[in-house]
Amino acid sequence: MKPVLKLYRGYANEQELIVMGSVFRPTTQEDYDFQKKKFKNARSVIRMFRIKTQANADVYLEHGDKKIHTKTLDDGFFKFCIPLSEDVGYGWHRLSRKHFLQ
């Protein structure tokens with residue numbers, strides 16, 4: 001199973017682009033009808049708060065023609081600070097991201 005990559009809302013200014021997020025270990029969550037199985041629903045809610053982060057995971061980000069690499073910290077958090085040589089403008093921008101486990 002693949003890890004879960006959670007991106008937080010990033011931002012940019014005149015000098016750099018900031019992208020942050022966390023990598024979580026995969027879960028074994030199954031699809032189920034929560035209205036029929038109330039105890040299973042309660043157990044699933046408790047499991048959501050016990051999710052573990054993935055330390056030292058490789059995360060790659062592609063911005064334009066650049067491919068940037070970083071690793072997560074012990075708490076699963078990562079941060080990209082990409083220097084900008086040109087004005088990227090205002091509004092939402094598309095980025096490509098990938099994560100790999102070693």
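For the residue pair GLU62 and ARG47, what label-to-label distance in nm results when each label sits 7 Å from Cα along the Cα-to-beta-carbon direction?
In this crude label model, GLU62 to ARG47 measures out at 3.3 nm.
Beta carbons within 10 angstrom, averaged per residue: use that to sort the peptides 7-16, 77-86, highest first. Don't jump to the answer; show the numbers that get you there.
On the way: 7-16: 11.4, 77-86: 13.5.
Result, highest mean first: 77-86, 7-16.
Read-outs throughout are calculated quantities, based only on the coordinates presented, and are distinct from any laboratory measurement. Source: prediction; values computed, not measured. Cβ coordinates were reconstructed from backbone atoms using ideal geometry, including for glycine residues, and neighbour counts include every protein chain displayed.
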